[in-house]
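Working notes for the structure below.
The values are calculated or read from the model by the stated rules, or taken from the named source; none is laboratory data. What you see is a predicted model; the values in this text were computed from it and never measured. When we count neighbours, we look across all protein chains shown, and the Cβ atoms used for this are built from the backbone with ideal geometry, even at glycine.
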Amino acid sequence: METKLLPADSAGIALAARLLREGQVVGIPTETVYGLAANALDPEAARRIYSAKGRPSDNPLIVHIAALEDLYPLTARCPRLAETLAAAFWPGPLTMIFQKSGRVPPATTGGMDTVAVRMPSHPAAQAVIRESGLPLAAPSANLSGKPSPTRASHVYEDMNGRIPLILDGGDCAVGVESTVIAVGEDHVRLLRPGGITVEMLSRHCRVEVDGGVLHQLREGEKALSPGMKYKHYAPNAQVILLDGTEEDFLRYVNAHAAEGVFAMASRAEAARLVVPTLPFGGEREETEQARRLFDCLRECDEKGARTVYVRMPDARGVGLAVLNRLLRAAGFTVIKL
Ligand code: AMP
Ligand code: MG
């Protein structure tokens, strides 16, 4: 199959909408990461997403909508708190899990009786949803297990020959996937951290952080958020998190320079490192770290890195999402300095 890469302008969006109505899969920009979109109500279209990604079919897809009224037909019940959070954070990087209605096929939800829904804020994503007239199931547009794509060229690397169209809407502003929450009557449970932070949610309700966010699931333990089960975001290189002060980090990495290691670090740290360094953010730059993270992990492979050291980020704000992804990219390898 030939894969077209077009700008996300009106012609590109019109073609995407037509292909989606025909049951095809299209790569689209969102504010979090690029998504691999298809009609969420068509089991055959949903199956095409899994096969393009090589994704295990029990890992559910997030359904994307462009207006609040499009939520109700997808859900059996909508808690009042979900409406409050939708008013506060939609459109934006927040995914909420609901009991699903009969309209949503099990092929979209990985066989679960719940459905995850989000309203993206990226204008091109909104335009594609509106023009297609469909709720769009859209996981990240990477091959399963690879770092999520934050630019159209990343999607092309992974999906060339597998899907008919990728829309280029520039670099993703947030850079990590959406925050995923289960919504109760008076509290929410954070299953995956993202651009809507614990601090932001806490202004509206009590927030419980699921144990799976920062800890490896034990053998046989049930994942509330199935994506957390799989080794994720991993480059070919071994990523190692170093838990210590900046000085400890610089000393440790430089001491291992002879082994040909790489580092992900801030510009100021790079000036003091004697190993090749991929530009990441530094301390108190968690927004920049989130934006750079997946591009850095892809660059590790382009540069042929075998070992990459990263300083353990602060878990503040979107830093919790950066830490969550880095722990998985590292297979939970952390060295305490
Ligand atoms: P992705 O779209 O690639 O960012 O991954 C979607 C992730 O959202 C899945 O891997 C799950 O972790 C989570 N998710 C989607 N639907 C559900 C659901 N019904 N219940 C729990 N988690 C979900
Ligand atoms: Mg993903």
Checklist outcome for this item: Flagged pairs (Cβ under 6 angstrom, 6 or more apart or on separate chains; first in region 177-197, under 21 Å from residue 35 (Cβ atoms) and of a type in the set (S, T, N, Q); second at pLDDT 95 or above and outside any loop (DSSP other than H, G, I, E, B)) are 178/95; 178/118; 179/94
Next on the checklist: I'm checking my understanding of the structure. Among residues of region 145-155 that are more than 9 Å from ligand 1 (Cβ to nearest atom) and part of a loop (DSSP other than H, G, I, E, B), which one is nearest to residue 110 (Cα to Cα)?
Outcome noted: 145
Next on the checklist: Just to be sure before I move on: is residue 27 of a type outside the set (D, E, K, R) and within 16 Å of ligand 1 (Cβ to nearest atom) in the structure I sent?
Outcome noted: yes
Checklist entry - Hey, does region 34-44 have a residue that's in contact (Cβ under 8 Å) with a residue 12 or more places away in the chain and part of a helix (DSSP H, G or I)? => result yes
Next on the checklist: Just to check your reading of the model, which residue among 194, 161, 175 is over 30 Å from residue 72 (Cα atoms) and either assigned to a loop (DSSP other than H, G, I, E, B) or of a type in the set (Val, Ile, Thr) (or both)?
Outcome noted: 161
Item to check | Which numbered condition residue 117 misses (of (1) in a loop (DSSP other than H, G, I, E, B); (2) more than 16 Å from ligand 2 (Cβ to nearest atom); (3) crowded, with 24+ Cβ neighbours inside 10 Å) | outcome: (1)
Checklist entry - From the set of residues in region 213-272 that are within 16 Å of ligand 2 (Cβ to nearest atom) and small (Gly, Ala, Ser), which is modelled with the highest pLDDT? => result 234
Item to check | Any hit, region 200-211, residues being in contact (Cβ under 8 Å) with a residue 40 or more places away in the chain, among the aliphatic types (A, V, I, L, M), within 16 Å of ligand 2 (Cβ to nearest atom) and closer than 20 Å to residue 286 by Cβ | outcome: no
Item to check | Which listed residue is surrounded by fewer than 23 Cβ atoms within 10 Å (Cβ to Cβ), part of a helix (DSSP H, G or I), out of contact with any strand residue (DSSP E or B) (no Cβ under 7 Å at 6 or more places or on another chain) and not hydroxyl-bearing (Ser, Thr, Tyr), from 66, 127, 107 | outcome: 127
Item to check | Condition met for residue 133 (of a type in the set (Gly, Ala, Ser) and in contact (Cβ under 8 Å) with a residue 40 or more places away in the chain) | outcome: yes
